[in-house]
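Peer 1: I have a structure here, written as structure tokens, and I will follow up with some questions on it.
The values are calculated or read from the model by the stated rules, or taken from the named source; none is laboratory data. Treat the numbers as computed from the prediction; the structure is a model and nothing was measured. Don't worry about glycine lacking a Cβ; one is built from the backbone with ideal geometry, like all the others, and counts go over all protein chains shown. The area values use the complete protein model at the heavy-atom level, side chains included, leaving out ligands, DNA and RNA. Shrake-Rupley method; radii C 1.70, N 1.55, O 1.52, S 1.80 Å.
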Number of protein chains: 2
Amino acid sequence: MRITLLKRLLVGAPMPLAQARHERLGKAVALAVFASDPLSSVAYATEEILLVLVLAGSVALSYSLPIALGIAALLAVVVTSYRQTVQAYPQGGGAYIVAKDNLGTFPALTAAAALLTDYVLTVSVSAAAGIAALTSAVPALHPHRITLCVLAIAAVTVGNLRGVRESGRLFAAPTYFFVVSILGMVAYGLVAAALHLLPEAPYEPHPSGFEGIGLFLLLRAYAAGCTALTGVEAVSNGVPALKPPEGRNAQVVMTWLGVLSITMFLGITYLAYDFGIVPGGQETVVSKIARRVFGAGLPYYGVQAATMLILLLAANTSYAGFPRLSSILARDRFVPRQFANQGDRLVFSNGILILSGFAIFLIVLFAGDTHALLPLYAIGVFISFTLSQGGMVRRWLRLREKGWRWRVWVNGVGAVVTGIVLLTLAVTKFLEGAWIVVVVIPLLVVTFIVMHRHYEAVAVELSLESFDGPPEFQHTVLVLIGDVHRGVVRAVQYAKTLAPTATVRAVYVETDPAHTSRLEEKWARWGLAVPLVVLTSPYRSLLRPLLDYLDQIQSRGDDQMVTIVLPEFLPRRWWQHILHNQTALLVKGALLFRKNTVVADVPYLLKR
Amino acid sequence: MRITLLKRLLVGAPMPLAQARHERLGKAVALAVFASDPLSSVAYATEEILLVLVLAGSVALSYSLPIALGIAALLAVVVTSYRQTVQAYPQGGGAYIVAKDNLGTFPALTAAAALLTDYVLTVSVSAAAGIAALTSAVPALHPHRITLCVLAIAAVTVGNLRGVRESGRLFAAPTYFFVVSILGMVAYGLVAAALHLLPEAPYEPHPSGFEGIGLFLLLRAYAAGCTALTGVEAVSNGVPALKPPEGRNAQVVMTWLGVLSITMFLGITYLAYDFGIVPGGQETVVSKIARRVFGAGLPYYGVQAATMLILLLAANTSYAGFPRLSSILARDRFVPRQFANQGDRLVFSNGILILSGFAIFLIVLFAGDTHALLPLYAIGVFISFTLSQGGMVRRWLRLREKGWRWRVWVNGVGAVVTGIVLLTLAVTKFLEGAWIVVVVIPLLVVTFIVMHRHYEAVAVELSLESFDGPPEFQHTVLVLIGDVHRGVVRAVQYAKTLAPTATVRAVYVETDPAHTSRLEEKWARWGLAVPLVVLTSPYRSLLRPLLDYLDQIQSRGDDQMVTIVLPEFLPRRWWQHILHNQTALLVKGALLFRKNTVVADVPYLLKR
């Protein structure tokens, strides 16, 4: 009762099926819900590029501009490619569905594994980066960042258990607050810098590099910047959550997402270059830029607050995607069935809870460090990009719909480009942590296949095709007693209704021979004519003689069904439970997974 | 299967009842098992006296001699008094039994509560002091003392789960090793000091006191030294474990215990005085004395090893007493019944495990510090002394056996003296931790009484006196299904044997209306003519509609018994369990404590 009440307080009242349609999102809200992840990436992508370049000294930092342009071009290609996906799959076209539809089971499961790990990483990375924005503004909180990350994830979890629409309303404002803050900062920074309105730059040490500027370094910087693309997949997974026409609306959301992402990313990278920002220390690059543009005033804190909020919303994106994907996988029988449950409020509670669990595990493991988590992140994202775009190419070649030649080109370029980036990522980031993902994804795929085979085999075994009806069985009913009292008499009365009188027996395991004769005497009067079997127990063990007796009955053949009836007490107060029923618990535990054996508790209500 | 194997490896094979008599202990072994606790007290009693006296500066340390003589006298009084108890109660005369027999329930429960807390404290204090003997000899281990204490308790626990006789044999040698070591050290130290054979004493700072020498300080020192008496009760509790004639043998054990305790305690205290030992630091007083007598040679390490071993054996004393007392309390229905179980090897496993759990809790709470734990310890011991001796006085006055006048005097002096010490302890040690015991003991007594009232009320309610036989009931059998397959058909077939066909129904909770018609079609063919009830579920919840349906059936009256039959899978491999039966688990959990409702799982064995 109390647990139910707590659940209601935290997650709200249950919602009937008929309300499902009203949960749909408008374009503006959908952009906030699904695009907060890709938009928020600009909070750390520039910093990741600079952190690689700075290895070759501060002079190498100017390479950030051509690298950022290259990443912006990649982003444009991927967004254009995905606009075709969301149009073609208005029922939801995540990489798993597109790959399954066009490439077959194995690529689909690879995409699913990549997506599931990415959802977890999105939560971890976004929480870590969001808290980094906070600790940049309030350095005193830096030592508590792991606790703060865990609290943030817990808050997002509760929000999502309350349902997706409320999440959308709750989260729209901060996304637009972030967009306005960053664009405002970029515009004001550019103008102020051009008019020399900004104060003298504070001194920052300009490190000399310990690596040369070579192709490999530039590739690593490019790969690091590809974290700007994380989250683009989110819209394609979430299409069915949009208002109709879903496909068209998703395209509009996709375009806006691309335009905003590219503008903000290029703006931040240019200002970092223009201001000569050096990455590192306990402050983020965006915080350094904002401090340079606005000083330590209110606008600075506005930018930091907006950055923190959108990153927490980005974590929220996964809470739409992960449970949705795992419920699709559960329907296809690749993961345990309980993931298919929609829970009380039409959200997929099991998926939400597992997602939060893994994300918190990663936060603790990597001590809440964004830079340590990011190398794991991008590789999965590009696996799903490549498989999704490759699947779209196969689709156009197969269906040959109107304009298919042009469409093959768009998705083909997307697939090839993201495939090349994927290889670059795997090579340049392998030792930094990408190997973990390279190990986890095949393990997940194998797990999916093993579970699927098991479910398929069970379905065949349970199938009623060529079933001749169940075989007849012999039924024995045993009432297990330790004493004779009203509760026992009631259990015996119940047992007698289950089967013909000749097959009902009471069983007493004798742990103290002194009690037996008195028990037999009471039984003669109150046993309702049911025969009493006394099992001796030389070792004072209750279970051993009972199991031996069951073996003896059931050794007669596979058709011997035994029902064990256990008299059980229902005390009036919760703490009284520990004073009773311990024996019943023991017996149930021992017989839970025994063939041809049914355990039935007969409750006896105690008045005090 | 695996758990059983592990259990066998740790605790040995089960033992038949017939072996119980062979478990009895001879006098020499009994002295080792039951007297290791009082004997081991000499390892810390002197130190406790000195730690109080040193507060008044090193000059006050010489007061240790008269105080030790006073404690020795008290020990003689208590031992003499207890010799009468063990003779009068050969069936085991712990303070609980003596008080119950002579003073009534309330004093008896007070004694029981005091004894139970003392058993726990004996384990904690002895483990902490034993490890202190080790870390005195090997100071590098000092930082790991909590871990070492916990490991020591774990080792003693496993030893005891293996049975009491093996414990006796295992533990006899170290007790005598300790007695010989300490008496040898005292004798050699006295002779060597008299002949000036000892090397120059190492420099030890002689602290000047910050308290005056007053009556209160001396009373506190006396109270602190009373820890030398802890454990004397053990023999009286353990009398039935001795070989017959139990009473006479226990008296002999008691006398030896007194003689040895007093000799060792006075010897150690005298040497500490003679050598000018100042207590404190990370080394125990006994270690300082042994180092002075033997230098850092092998004999020194022998004394430390013997001290550590006997203290671990002292912890072991509680493992004979605690489970025995709690099983007596369980038989009298003052604690939950599971404490009465004798377990597989004729030892009381539940009691052993609870004892270890609390002892480890205290060790961790007080960071393995003997001095922090001791103030809690002695007060409970003197409560049981006073009640036990007081009970004996009442007994002699009541029975007026031969020599009763003389016996009244012996026990009367014991009761009065220990009563006075008890008051002194309560006053002087209250703030140092004794208040915890003063709070815990009444709480335990109240708990005993509440449990007893509950068991008594239940016994009355279940009594067959004036019982007219059980009322008739209406039986409805419901098979809960989510699909139709071989497992379900088998469950339906089983359900049909339980009750007349007219009262058997299948119940399907419709979470997805699209599935219902296909299910109904399959049911028409395979439902064995059992009617199917489809419950709609607007909130997609499985439980709510089921509970509503049960309410509807059972609202017809108190005579409506419902049996819920659940088809359940038995997969071949353990990990496959998580892929099935989640719904069954949910339903069982929700109906576990529902009146008039029986849940029966029908297992279906999967071949893969």
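Peer 1: With the requirement that a residue be at pLDDT 90 or above and surrounded by 20 or more Cβ atoms within 10 Å (Cβ to Cβ), what does the stretch A:423-443 give you?
Peer 2: Residue satisfying the conditions is A:ILE441 alone.
Peer 1: Residues to consider are A:PHE294, A:PHE275, A:PHE334; find the one that is touching a Lys or Arg at 6+ places or on another chain (Cβ under 8 Å) and modelled with pLDDT of 85 or more. Don't jump to the end; show me each part of the working.
Peer 2: Working: A:PHE294 fails: touching a Lys or Arg at 6+ places or on another chain (Cβ under 8 Å); A:PHE334 fails: touching a Lys or Arg at 6+ places or on another chain (Cβ under 8 Å).
Answer to the check: A:PHE275.
Peer 1: Which condition from (1) within 21 Å of A:PHE569 (Cβ to Cβ); (2) facing chain B (nearest Cβ under 8 Å); (3) part of a helix (DSSP H, G or I) is the one that A:ALA491 breaks?
Peer 2: Unmet for A:ALA491, out of (1) within 21 Å of A:PHE569 (Cβ to Cβ); (2) facing chain B (nearest Cβ under 8 Å); (3) part of a helix (DSSP H, G or I): (2).
Peer 1: Can you find a residue that is in contact with a His (Cβ under 9 Å, 6 or more places away or on another chain), within 26 Å of A:LEU309 (Cβ to Cβ) and open to solvent by 40 Å² or more (accessible area, probe 1.4 Å) anywhere in the stretch A:51-61?
Peer 2: Yes, the stretch A:51-61 contains a residue that is in contact with a His (Cβ under 9 Å, 6 or more places away or on another chain), within 26 Å of A:LEU309 (Cβ to Cβ) and open to solvent by 40 Å² or more (accessible area, probe 1.4 Å).
Peer 1: With the requirement that a residue be hydroxyl-bearing (Ser, Thr, Tyr) and buried (at least 18 other Cβ atoms within 10 Å of the Cβ), what does the stretch A:234-263 give you?
Peer 2: A:SER236, A:SER261
Peer 1: Checking the structure you have, find out if any residue of the stretch B:354-365 is at negative phi, of a type in the set (Gly, Ala, Ser) and in contact (Cβ under 8 Å) with a residue 60 or more places away in the chain.
Peer 2: Residues of the stretch B:354-365 at negative phi: B:354-365.
From what is left, the residues that are of a type in the set (Gly, Ala, Ser) are B:356-357, B:359.
Keeping just the survivors that are in contact (Cβ under 8 Å) with a residue 60 or more places away in the chain gives B:356, B:359.
The answer is yes, given that some residue of the stretch B:354-365 is at negative phi, of a type in the set (Gly, Ala, Ser) and in contact (Cβ under 8 Å) with a residue 60 or more places away in the chain.
Peer 1: Just the residues that are touching a His at 6+ places or on another chain (Cβ under 7 Å) and under 28 Å from A:ARG333 (Cβ atoms), please, taken from the stretch B:532-591.
Peer 2: If the condition is that a residue be touching a His at 6+ places or on another chain (Cβ under 7 Å) and under 28 Å from A:ARG333 (Cβ atoms), then B:PHE569, B:PRO571, B:GLN576, B:LEU579 are the ones that fit.
Peer 1: Give me a count of the residues in the stretch B:494-510 that are within 12 Å of chain A (Cβ to nearest Cβ) and surrounded by fewer than 19 Cβ atoms within 10 Å (Cβ to Cβ).
Peer 2: Total satisfying the criteria: 6.
Peer 1: Determine which member of the set B:ALA378, B:ALA359, B:ALA367 is surrounded by fewer than 24 Cβ atoms within 10 Å (Cβ to Cβ) and closer than 20 Å to B:VAL440 by Cβ. Full working, then the answer.
Peer 2: On the way: B:ALA378 fails: surrounded by fewer than 24 Cβ atoms within 10 Å (Cβ to Cβ); B:ALA359 fails: surrounded by fewer than 24 Cβ atoms within 10 Å (Cβ to Cβ).
Every option except B:ALA367 fails the conditions.
Peer 1: Considering only residues that are closer than 30 Å to A:ALA221 by Cα and free of Cβ contacts under 8 Å to residues at least 12 places away in the same chain, which ones fall in the stretch A:375-417?
Peer 2: A:TRP409, A:VAL416
Peer 1: Quick check: is even one residue across the stretch B:464-484 touching a Pro at 6+ places or on another chain (Cβ under 8 Å), among the hydrophobic types (A, V, I, L, M, F, W, C), within 7 Å of chain A (Cβ to nearest Cβ) and at negative phi?
Peer 2: No, because not a single residue in the stretch B:464-484 is touching a Pro at 6+ places or on another chain (Cβ under 8 Å), among the hydrophobic types (A, V, I, L, M, F, W, C), within 7 Å of chain A (Cβ to nearest Cβ) and at negative phi.
Peer 1: With (1) in contact with a Pro (Cβ under 9 Å, 6 or more places away or on another chain); (2) farther than 25 Å from B:LEU53 by Cα as the list, and B:LEU229 as the residue in question, which single condition is left unmet?
Peer 2: (2)
Peer 1: Within the group A:ARG324, A:ARG331, which residue is open to solvent by 30 Å² or more (accessible area, probe 1.4 Å), under 30 Å from B:LEU579 (Cβ atoms) and without any contact (Cβ under 8 Å) to a residue 24 or more places away in the chain?
Peer 2: A:ARG331
Peer 1: Determine if the stretch B:101-112 includes at least one residue that is part of a loop (DSSP other than H, G, I, E, B), without any contact (Cβ under 8 Å) to a residue 12 or more places away in the chain and more than 19 Å from the chain's Cα centre (by Cα). Can you show your working first?
Peer 2: Pass one, the stretch B:101-112, residues part of a loop (DSSP other than H, G, I, E, B): B:103-104.
This time we only want the ones that are without any contact (Cβ under 8 Å) to a residue 12 or more places away in the chain, so: B:104.
After this cut, where a residue has to be more than 19 Å from the chain's Cα centre (by Cα) as well, the list is B:104.
Yes, there is a match, as at least one residue in the stretch B:101-112 is part of a loop (DSSP other than H, G, I, E, B), without any contact (Cβ under 8 Å) to a residue 12 or more places away in the chain and more than 19 Å from the chain's Cα centre (by Cα).
Peer 1: Could you tell me which of the residues B:PRO513, B:PRO471 is open to solvent by 20 Å² or more (accessible area, probe 1.4 Å) and free of Cβ contacts under 8 Å to residues at least 40 places away in the same chain? Walk me through how you get there before you give the answer.
Peer 2: On the way: B:PRO471 fails: free of Cβ contacts under 8 Å to residues at least 40 places away in the same chain.
Just a single option satisfies the conditions, and that option is B:PRO513.
Peer 1: If you don't mind, another one. Counting only residues that are open to solvent by less than 50 Å² (accessible area, probe 1.4 Å) and among the charged types (D, E, K, R), how many does the stretch A:588-608 have?
Peer 2: Residues of the stretch A:588-608 that are open to solvent by less than 50 Å² (accessible area, probe 1.4 Å), as a first pass: A:588, A:590-591, A:594, A:596-604, A:606.
Of the ones still in play, those that are also among the charged types (D, E, K, R) are A:588, A:594, A:601.
Counting residues in the stretch A:588-608 that are open to solvent by less than 50 Å² (accessible area, probe 1.4 Å) and among the charged types (D, E, K, R) gives 3.
Peer 1: Looking only at the stretch A:192-233, count every residue that is at pLDDT 80 or above and either open to solvent by less than 20 Å² (accessible area, probe 1.4 Å) or under 40 Å from the mean Cα position of the chain (by Cα) (or both) and tell me the total. Write out each step before concluding.
Peer 2: Step one: of the stretch A:192-233, the residues at pLDDT 80 or above are A:192-196, A:214-233.
From what's left, either open to solvent by less than 20 Å² (accessible area, probe 1.4 Å) or under 40 Å from the mean Cα position of the chain (by Cα) (or both): A:192, A:214-233.
The number of residues fulfilling the criteria is 21.
Peer 1: Tally up the residues in the stretch A:558-583 that are at pLDDT below 85 and closer than 19 Å to A:THR476 by Cβ, please.
Peer 2: 1
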